[in-house]
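Structure first, then comments.
The values are calculated or read from the model by the stated rules, or taken from the named source; none is laboratory data. Since the model is a prediction, treat every value here as computed from it, not as a measurement. Ideal geometry is used to build each Cβ from the backbone, glycine not excepted, and the neighbour counts take in all protein chains shown.
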Amino acid sequence: MNIRFNNARLLMPGEGHSFKIVEGELWTKDDRIAFSGTKEEAKKALSENEMLVWDEVIDCKRNLLMPGFKDAHTHTAMTFLRSLADDMPLSDWLYKQVFPREDKLTPDDIYWLDFLGIMEYLTSGITSNFDMYFFPPMNAKASVDAGFRTVQTSGFNNFGSTIEDLEENYNIVNSMDSDLVSFIVGYHAEYTTSMERMEGVARLAEKFKSPVFLHNAETKSEVDECIERWGKTPTELMDSLGMYEYGGGGYHCVWMKDKDYEIMKKRNLYAVTNPCSNVKLASGICDVKRFLDEKIPLAIGTDGAASNNALDFFREMYLTATLAKVKHMDASVVDASEVLYSAVSEGAHCMNLNDCDTIEAGKKADIIMIDMHKPNMQPENNIVKNLVYAGSKDNVKMTMVNGQILYRDGQFNLMYSPEEIYAKANEIINRMRNC
């Protein structure tokens, strides 16, 4: 599809981690951005390409086009646990509610539950996610069938799968005939994984020269018990096992020690903060300010719908900024522009999606349109701050992935109807209730 977006405002890279708003146009050709620039630059490009033919011309009415949000930590199929396992300590939530029900999931369940999650991502302007869950080939199939971009990592631990399964999933997903899906080495967490298995992950990362991602320092007890077992924090332990030779990072990163920050900076690791999940499970508040001060790259994720419970990136951005202010009792820390950069660009870098980080020509056409004609976007004193502090899912007018408009004006462009997807999700959880 060749689409011309005219009469638009474009969120373009500024200096450092800042942005600038440009009045202009954006054109897509197949899965790429063919042009992005000012009205004057567009007029010149049009005169030089008189033979251009558009499949569609969209008048943006001065709404904002920007890169889609990158949800850098998810368990998409956990949609089936939404509002079913709430208001309890994390350990009880995980071991008494989540794990027993997850044990009953089938590959077909994953497919439909992923579709439900993808629908929610699209309504929130999320154009790609970094997923950790079961049956990765089925997860990948759901993303390809939906036209959605997913990077996967493994939830490998002591239960069920083997290191051979992890390697097989890596090979299957990375050999699929679609650039919508890819796989990075990882495992669930230190506290669910034996030393033998962690060493296996390190060997696999070396074999594939892959980064490694895992849940890290989510709770104080996780860190304390790791120190008791091995005399090291999870970050120190992973580094000592050679897991970070090719980078990677951690999800949550709440209870970090000084040495952990040093390792993350040295290894150029990514910290992925999940503020809604951490607040709901009373895990703590990530020190976002310190990561930014130390120039440790920061991405943002929703986590799963079992612990959030909404896959809403506007809530995540708001809490990323405001919880940092409460933690330091300083309203001036963590500027909204840094948070937005983490949400759209740094998340892309974290997921190795370096051609999805901006809406410049040549980049992937993963684009969202923000409705600027809603009351919460007015007045336009500062559009970036409006997005972070006042924005909501109601402002997402369009979500495009890989050059295909998957969501526009409240309607989905997917191979299944919403009602069919909802029916399948409820059928799955009803079956579990009756087991």
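Here are the numbers:
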| quantity | calculated |
| --- | --- |
| Evaluation of Val57 against (1) among the hydrophobic types (A, V, I, L, M, F, W, C); (2) surrounded by fewer than 14 Cβ atoms within 10 Å (Cβ to Cβ); (3) modelled with pLDDT under 95 (one fails), failing number | (3) |
| The stretch 222-256: number of residues that are under 12 Å from Glu190 (Cα atoms) and among the polar types (S, T, N, Q) | 2 |
| The listed residue being at pLDDT 95 or above, within 15 Å of the chain's Cα centre (by Cα) and among the hydrophobic types (A, V, I, L, M, F, W, C), out of Ala343, Ala336 | Ala343 |
| Within the stretch 291-333, considering residues that are among the hydroxyl-bearing types (Ser, Thr, Tyr) and outside any loop (DSSP other than H, G, I, E, B), the one farthest from Thr74 (Cα to Cα) | Thr322 |
| Conditions (1) surrounded by fewer than 18 Cβ atoms within 10 Å (Cβ to Cβ); (2) within 20 Å of Pro211 (Cβ to Cβ); number of the one not met by Phe159 | (2) |
| Scan of the stretch 98-115 for residues that are surrounded by fewer than 18 Cβ atoms within 10 Å (Cβ to Cβ) and either touching a Gly at 6+ places or on another chain (Cβ under 9 Å) or of a type in the set (Val, Ile, Thr) (or both), ordered by number | Asp103, Thr106 |
| Residue that is aliphatic (A, V, I, L, M), closer than 16 Å to His73 by Cβ and buried (at least 23 other Cβ atoms within 10 Å of the Cβ), where the choices are Val288, Val279 | Val288 |
| Matching residues, the stretch 9-29, being without any contact (Cβ under 8 Å) to a residue 60 or more places away in the chain, in a strand (DSSP E or B) and not β-branched (Val, Ile, Thr) | Lys20, Glu23, Gly24, Glu25, Trp27 |
| Residue that is at pLDDT 95 or above, in a helix (DSSP H, G or I) and of a type in the set (A, V, I, L, M), where the choices are Ala361, Ala425 | Ala425 |
| Set Ala299, Ala305, Ala324, Ala343: member being crowded, with 24+ Cβ neighbours inside 10 Å, among the aliphatic types (A, V, I, L, M) and in contact with a Gly (Cβ under 6 Å, 6 or more places away or on another chain) | Ala299 |
| Hits in the stretch 401-435 (condition: surrounded by 17 or more Cβ atoms within 10 Å (Cβ to Cβ), within 30 Å of Phe5 (Cα to Cα) and in contact with an Asp or Glu (Cβ under 7 Å, 6 or more places away or on another chain)) | Val401, Asn402, Gly403 |
